[in-house]
Amino acid sequence: MKEYIINVPSLQSLPKRLSGFALTVLCWFMWGYLLYPIITVINWLRGDYGVINQMRWFGGYKSLLELLEIYVATLLILGAVWLVWIVLRKLRRQRILPAAKNVVSDIKIAAFYQVDKNQIQHFRNQKNVTVFFDADGKITDLQ
């Protein structure tokens, strides 16, 4: 598999790396916090006495149901925010740029890249084309 994404974190500035690390740690803490009620219920159903005593201390079964309501509401809100984010990104990506509507002829392409118009027609029909550039970025040869 080819790796198309450039993965060079050393090119990021120090504040960007630190903020990315802090955001990662915050997300892991949130993930653990959201999993805590599920772990508590599993331990309670297994008969873990520490959890049972903790439930008695915090109000028993009714407080557990209140916590589960908060947990479900939090998950629903996070899911809704996630769906809105996906829809907004989808709508933003469908925007057609004004420059994409311009039709460029072969003559303009040949003039811009300083190549012969016949070469453009010939290489358009080829499967593979190798383009050679000089140090200034100008096309020197096509094969």
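Bear in mind that the values in this text are calculations on the coordinates, not laboratory data. None of these values were measured; they are calculated from a predicted model. In this analysis, Cβ positions are derived from the backbone assuming ideal geometry, glycine residues included, and neighbour counts consider all displayed protein chains.
Distance between the pseudo-spin-label points of residue 110 and residue 93 (7 Å out from Cα toward the beta carbon): 3.8 nm. Please work out, to two decimal places, the log10 of the ratio I(q)/I(0) at q = 0.14, 0.17, 0.34 Å⁻¹ from a Debye calculation in which every Cα of segment 100-142 carries one identical scatterer. Log-scaled intensity ratios, in q order: -0.36, -0.53, -1.17. Mean residue ellipticity at 222 nm, helices only, the chain: -21500 deg cm²/dmol; runs of at least 4 DSSP H residues each add -39,500 (n - 2.57), and the sum is divided by the number of residues. For residue 18 and residue 81, the FRET efficiency from 1/(1 + (r/R0)^6), where r spans their Cβ atoms and R0 equals 35 Å, is about 0.90. Over all distinct Cα-Cα pairs of segment 13-95, the Kirkwood formula returns a hydrodynamic radius of 15.8 Å.
Screening the chain for DSSP H helices whose Cα atoms reach 15 Å or more along their own axis and whose mean Kyte hydropathy is at least 0.0 gives 14-46, 61-93.
Summarised in one figure, the compactness ratio Rg/Rh of the chain, Cα atoms and Kirkwood Rh, is 1.31. For residue 108, the lysines whose Cα falls under 18 Å of its own Cα, not counting residues fewer than eight places away in the same chain, are 117, 138.
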